[in-house]
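All remarks here apply to the structure that follows.
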């Protein structure tokens, strides 16, 4: 039977900020989703550019005072006016991600990154048994304190599979270590609420409650046929989860993406068609660069907008719903301008022209892993060569080394989210 | 108070093993003596390698940027409690 270790940083981005800046320690701080650009100026730690961002991480001190992840920055400041909002610094956090993954790889050949601050490791060989696993977890904690900084604490869960290891890790924070050997699995899961399970969301929980299933014990009593009839494939998963069974395969392979996209929420609403077009073109170029860098071309383009508000509704809660659509393309593309042309055609059809836009998104799918096939016409061949040269420039001098004249005024702030870093994608 | 800056600075460093530790930072007429190096992280700008040093003295946090291409130091953040 496998021994799986789950590691999760506590208040990751906030802890890294408190590690870097000791004057933020023991204070209620929150890290915003977008990093600051030049010219944000002196703001006492509260930059105006955070006005339309969300709290990606709150420090444990801020959490204790009611600040939650994914809360809008304006709402967070209203709840806690003394909150110190920090602009995210994705490069700082990605260094810590690399360090903790390297530490875990010292102890296991199979390490699976789950998010920027979470990973699984199969430590069956290295640990031998659960006593060895506990010693190994303590060693990992020590390595992290030494190599990432003592303010970066982690919670570790150890169990026979990924589901229970994650549940164990999440059960004691901060700086926890929870070991659940096979014999203790049932008792342990019975003590956990549904909301703690990765895979049981609020809708599933609601549905379970409607069926009279209010805890893990009652879920275990539910027949598989009942779960299948109400939850389809998830019914099987629920049946197994209630018995403490789950996936124990830790895979360090990174799968090819199914789509590549960029979206951006603007600090102000876009009203002019020209602004929409230039920003869409800049986003399309970002998507195209990633495709070419990773050796893909695409056969489908999708575009998405979120309007600034619902008609007749005022105030911050009036953000409108998103609309999107997609186009199939006859020939594969990897040029930002081609992506833009397709995306604009979509957006121009689906958007409400009377309504300002707060979010724009473009993505490509139907990805084929291969360089773009050579083109028949000279004009296309010339464009292709120019793109290759521009990619070389970008690889050598960084992402802002060239721009189309039309996009000179567009500025996208780098974001840090729980899943990836903008500068790495 | 938190200031985002991009000012050139003079830095005296210690070499300890394979590591560089900023020791004295001269920013205009102001001198900071490093008490603690809290975090060092690298960043890439194209092929150019940059190192950021998050350091502090008794009452300031400073973030220093060292560009390995032109060997230039800059003060990019200053935080005073």
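None of the figures in this text is laboratory data; all of them are computed from the coordinates on show. These numbers come from a predicted model, not from an experiment. Quick reminder, even Gly has a Cβ in these numbers, built from the backbone with ideal geometry, and neighbours come from all protein chains shown.
Details
- Anisotropy class of the stretch A:317-407 from Cα gyration tensor, a/c 1.5 cut: prolate
- Counting, for every residue in A:80-90, the Cβ atoms of other protein chains within 10 Å of its Cβ and taking the mean gives 1.
- Those residues of the stretch A:361-403 whose amide nitrogen sits under 20 Å from the label point placed on residue A:299, 7 Å along Cα→Cβ: A:363-376
- Burial ranking of peptide ranges A:366-376, A:255-265 (average Cβ count within 10 Å, highest at the top): A:255-265, A:366-376
- Estimated at 0.36 nm per residue, the fully extended path between residue A:64 and residue A:376 surpasses their Cα-Cα distance by 106.0 nm.
- Averaged over the residues of peptide B:39-51, the number of Cβ atoms from other protein chains lying within 10 Å of each residue's Cβ is 5.
- Relative counts (whole %) of C-alpha pair distances in the stretch A:259-424, using bins that are 5 Å wide: 1, 8, 17, 20, 20, 16, 9, 5, 2, 1, 0
- Cβ-based exposure ranking for A:177, A:281, A:5, in which fewest neighbours within 10 Å come first: A:177, A:281, A:5
- Segments A:56-62, A:91-97 sorted - mean Cβ within 10 Å per residue, highest first: A:56-62, A:91-97
- Near-label residues of the stretch A:237-252 by backbone N, under 12 Å of a point 7 Å along Cα→Cβ of residue A:192: A:241-247
- Separation of alpha-carbon centers, the stretch A:134-164 and the stretch A:318-372, rounded to whole Å: 42 Å
- Beta bridges by DSSP in the protein assembly as shown, antiparallel share as percent, to the nearest 5: 95 percent
- In nm, spacing of pseudo-spin labels at residue B:71 and residue B:49 (7 Å Cα→C-beta vector): 1.6 nm
- The shape of chain A comes out prolate: with a ≥ b ≥ c from the C-alpha gyration tensor, a/c is at least 1.5 and a/b beats b/c.
- Cα-based shape type of the stretch A:123-180, given that a ≥ b ≥ c are square roots of the gyration tensor eigenvalues and the cut on a/c is 1.5: oblate
- Separation between Cα centres of the stretch A:253-277 and the stretch B:9-38, rounded to whole Å: 41 Å
- Per residue of peptide A:142-152, the mean number of Cβ atoms on other chains within 10 Å of the residue Cβ is 1.
- Rounded to 10°, Cα long-axis angle of helix A:378-397 versus longest principal axis of chain A: 50 degrees
- Per residue, the average separation of C-alpha pairs within less than 8 Å and at least 6 apart gives chain A a relative contact order of 16 percent.
- Cβ-Cβ FRET estimate between residue B:26 and residue B:81, R0 fixed at 22 Å, reported to 0.05: 0.50
- Bridge type composition, the stretch A:1-179 - antiparallel percent by DSSP, nearest 5: 75 percent
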